[in-house]
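Each value in this text was obtained by applying a stated rule to the coordinates, not by laboratory testing. Being a predicted model, the structure only gives us computed values, none of them experimental. For neighbour counting, all protein chains shown are included, and Cβ atoms are generated from backbone atoms with ideal geometry for every residue, glycine included.
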Amino acid sequence: MAKQKFKITNWPTYNKALINRGSITFWLDDEAIQAWYESATPSSRGRPQRYSDLAITTVLVIKRVFRLTLRAAQGFIDSIFSLMNVPLRCPDYSCVSRRAKSVNMALLQIVGGDKLIIPFC
């Protein structure tokens, strides 16, 4: 059976949809910025954690969504922060690798659609 051919009748709308397919928007609310670094005092021995679980989870989600390595995800997030003029730093890839085992993170399932919204709480 031959593949059906679709005739595009509304080219301006179709072209706009193709352009918007590559659009990406990042935003950070003030609560996420305040919660980026760990503020609690450690209850156990050893060096205190610098980054919160939110920061580690954010790196892991960006890594998964864009299919990046940890080093590439670190550079990607650092460049986003510099473009947004946000005074934050991405956790080091080795820190993310160590803490990924202990962070409680629900599995992300990417569902087809126009937009993907990933809330962090």
TODO: Name every residue in segment 1-39 that is in a loop (DSSP other than H, G, I, E, B), of a type in the set (A, V, I, L, M, F, W, C) and under 29 Å from the mean Cα position of the chain (by Cα), in order of residue number.
DONE: Ile24, Phe26, Trp27, Leu28, Ala35, Trp36
- [ ] Would you point out which residue out of Pro42, Pro48, Pro91, Pro87 is in contact (Cβ under 8 Å) with a residue 12 or more places away in the chain and in a loop (DSSP other than H, G, I, E, B)?
- [x] Pro91
- [ ] Please go through segment 15-30 and pick out each residue that is free of Cβ contacts under 8 Å to residues at least 40 places away in the same chain, of a type outside the set (Lys, Arg) and surrounded by 11 or more Cβ atoms within 10 Å (Cβ to Cβ).
- [x] Asn15, Ala17
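Go through segment 55-84 and count every residue that is aliphatic (A, V, I, L, M), in a helix (DSSP H, G or I) and free of Cβ contacts under 8 Å to residues at least 12 places away in the same chain. Even if it seems obvious, please write down each step before you answer.
If we filter segment 55-84 for residues that are aliphatic (A, V, I, L, M), which is where we start, we get 55-56, 59-62, 65, 68, 70, 72-73, 77, 80, 83-84.
Within this subset, residues satisfying the condition of being in a helix (DSSP H, G or I) are 55-56, 59-62, 65, 70, 72-73, 77, 80, 83.
Applying the additional criterion that residues be free of Cβ contacts under 8 Å to residues at least 12 places away in the same chain yields 72, 83.
Adding up the residues that qualify gives 2.
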Open item on the list: Can you pull out every residue in segment 52-71 that is surrounded by fewer than 16 Cβ atoms within 10 Å (Cβ to Cβ) and over 12 Å from the mean Cα position of the chain (by Cα)?
Closed with: Thr69, Arg71
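Looking only at segment 15-62, how many residues end up being among the charged types (D, E, K, R) and closer than 20 Å to Arg98 by Cβ? Walk me through how you get there before you give the answer.
Taking segment 15-62 and keeping what is among the charged types (D, E, K, R), we get 16, 21, 29-31, 38, 45, 47, 50, 53.
With closer than 20 Å to Arg98 by Cβ added as a condition, the list becomes 38, 45, 47, 50, 53.
Going through segment 15-62 one residue at a time, the tally reaches 5.
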